[in-house]
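Structure, as structure tokens:
The values are calculated or read from the model by the stated rules, or taken from the named source; none is laboratory data. Quick caveat, the model's predicted, so the values are computed rather than measured. Quick reminder, even Gly has a Cβ in these numbers, built from the backbone with ideal geometry, and neighbours come from all protein chains shown. Ligands, DNA and RNA are excluded from the accessible area calculation, which covers all protein heavy atoms including side chains. Shrake-Rupley method; radii C 1.70, N 1.55, O 1.52, S 1.80 Å.
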Amino acid sequence: MEDSWHQLKPKAGFTVRVNGRISDLSWQTLTQLYQPIMGPSAAGLFSALFWLPNRGTYQRHTTLLAAMSLDLEHFYEARIRLEATGLLTTKVTTQDDLMGFIYELHAPLAPAAFFKDDLLSVQLLGVIGEEMYQQLISTNMPTVAPLANEKDVTKNFLEVFHVDGQELNDLPTAITNGRQRLTKAPKSPVLSANDEPEFDFKLLGEILEHSFIDTRAVQANRQLLLTEHVTYGLDEVTMARYVGEATDLATNQFDAEAFKRIVAQHFGQPRRGVAPVKATPTPAATTTGTPTSAEQALIKVATATAPAVFLQAIKQKNGGFVTDGEQRIVRDLVSRQLFPEAVLNLMIYHVLVDEDKPTLNKNLLDTIANDWSKAKVNTPQLAIQKIRERQRAASQPRKSRNRQPTVKETLPDWAKKPAAETPTATTAKLSTEQQQRLQERIAKLKENRQSGKED
């Protein structure tokens with residue numbers, strides 16, 4: 001099934017489910033933490049689905065579109081942003097050739113869990129900046145400083161309740177059966193990068209062993225390191241250097257938030273070891289349809305390079321630089337998880353080189369992404385074919401929409417009378433005597449008219 005908004009129809013039915021408890025804190029988290037990432041339309045869609053009257057019954061998309069003043073394309077854009085952030089699961093049902101949708105809402109993460117999620121926290125930091133990011137942490141995770149004479153006397157569970165140790169060793173059947181049911185229950189979607197990349201944690205550990213850094217703290221942040229590796233293409237040596245910069249020399253503690261900031265700051269600086277990207281437009285299609293040698297070289301680089309680094313290499317080749325907005329666009333494309341990294345790189349290459357655009361344009365990239373998603377472009381070879389098709393379509397002459405067809409009008413018979421019947425031509429056919437009489441009559445009329453005025 002094509003994953004595109006083109007499959008949606010206003011009359012298509014849908015129903016809404018709610019997975020988990022959505023509390024007042026959930027709405028605060030949705031507005032303060034999720035909305036900067038996914039935009040107000042996606043946050044509004046989440047609210048509209050939750051508060052929809054009779055949400056458990058099948059309704060048509062027409063009702064929802066009218067309530068939100070959205071067309072299908074913008075509705076789909078808001079929907080996939082909810083899906084990408086883990087707030088919505090979309091399922092499709094087909095019966096008697098009729099398509100229906102099931103929208104399952106998931107409660108937003110608690111603030112502590114949100115800030116511990118690598119993908120969400122990195123994306124939020126890139127959108128709002130470090131100052132606002134720290135303010136949100138303070139607002140959503142307030143800390144109370146203990147008093148100097150304060151002592152914790154809280155009782156634990158076993159100090160208050162008596163539990164049979166034998167039952168703990170041999171759990172009752174009701175508990176084990178209940179846990180099996182919980183295991184089989186559908187889980188909330190988990191945010192993750194595409195496939196786990198090849199990253200040598202053993203090599204990273206060996207590098208860090210020769211420093212003062214506690215490798216156990218690094219292992220605890222394994223997912224964060226993988227996320228940064230996927231986004232920016234950091235190798236083990238560079239990763240070790242950034243980890244060292246983010247570790248406090250006094251306490252020997254690794255600061256995950258400082259690590260994210262350091263990586264973002266270093267990204268704008270020139271990088272070494274990046275495969276060069278030749279800014280040569282993609283050649284026209286060959287007769288066989290197979291990639292040319294130049295295209296094969298481009299595919300090789302696109303496959304081996306992280307999207308952000310690939311973008312930076314092209315901009316540096318053209319004498320430009322990566323803007324903050326372009327970083328957000330690339331992060332957004334990666335977070336959607338619609339295409340492999342190589343396909344995203346070729347999409348970036350097509351816009352900056354083939355289309356000769358100075359910067360990435362979000363609307364243009366969204367248009368291409370929708371087209372490629374509809375065509376199920378999931379390999380760089382298919383991406384090259386789509387680029388060729390787009391180039392062929394652009395090279396064809398466009399017919400002007402304002403040009404009206406030329407209509408030849410046929411004159412009616414009465415309009416085809418010879419010019420001889422006009423008064424001027426008739427006068428030309430009068431004899432000399434007749435012309436003299438006519439002039440005399442005209443002079444006499446003028447004389448009578450003047451005499452009448454004098455009287």
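Data for the structure
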{"item": "Exclusive hit being modelled with pLDDT of 80 or more, open to solvent by 100 Å² or more (accessible area, probe 1.4 Å) and either of a type in the set (S, T, N, Q) or farther than 30 Å from E326 by Cα (or both), set Q404, Q439, Q396, Q450", "result": "Q439"}
{"item": "Cβ pairs under 6 Å, 6+ apart, first in region 362-387 and closer than 24 Å to R328 by Cα and part of a loop (DSSP other than H, G, I, E, B), second at pLDDT below 90 and open to solvent by 20 Å² or more (accessible area, probe 1.4 Å)", "result": "V377/K386"}
{"item": "Flag for L70 being at pLDDT 90 or above and crowded, with 17+ Cβ neighbours inside 10 Å", "result": "no"}
{"item": "Any hit, region 44-54, residues being open to solvent by less than 20 Å² (accessible area, probe 1.4 Å), under 14 Å from E77 (Cα atoms), in contact (Cβ under 8 Å) with a residue 12 or more places away in the chain and within 25 Å of the chain's Cα centre (by Cα)", "result": "yes"}
{"item": "Answer residue from region 208-259, given it is without any contact (Cβ under 8 Å) to a residue 12 or more places away in the chain and in a loop (DSSP other than H, G, I, E, B) and is most open to solvent (accessible area, probe 1.4 Å) among those", "result": "H210"}
{"item": "Listing of helices (runs of 4 or more DSSP H) fully contained in region 1-87 that carry 1 or more residues being touching a helix residue (DSSP H, G or I) at 6+ places or on another chain (Cβ under 9 Å), within 25 Å of V330 (Cβ to Cβ) and of a type outside the set (S, T, N, Q)", "result": "35-38, 40-50, 72-84"}
{"item": "Residue, modelled with the lowest pLDDT, within region 332-362, restricted to residues that are of a type outside the set (S, T, N, Q), touching a Ser or Thr at 6+ places or on another chain (Cβ under 7 Å) and open to solvent by 30 Å² or more (accessible area, probe 1.4 Å)", "result": "V334"}
{"item": "Yes/no for F115 being closer than 21 Å to D24 by Cα and open to solvent by less than 30 Å² (accessible area, probe 1.4 Å)", "result": "yes"}
{"item": "Conditions (1) out of contact with any Gly (no Cβ under 8 Å at 6 or more places or on another chain); (2) more than 20 Å from A78 (Cβ to Cβ); (3) modelled with pLDDT of 85 or more; (4) open to solvent by less than 70 Å² (accessible area, probe 1.4 Å): number failed by G320", "result": "(3)"}
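Residues are listed down the side, and each one gets a yes or a no for (1) closer than 22 Å to F199 by Cα; (2) in a helix (DSSP H, G or I):
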residue: G320; (1), (2): no, no
residue: E326; (1), (2): no, yes
residue: I329; (1), (2): no, yes
residue: D332; (1), (2): no, yes
residue: F339; (1), (2): yes, no
residue: L346; (1), (2): no, yes
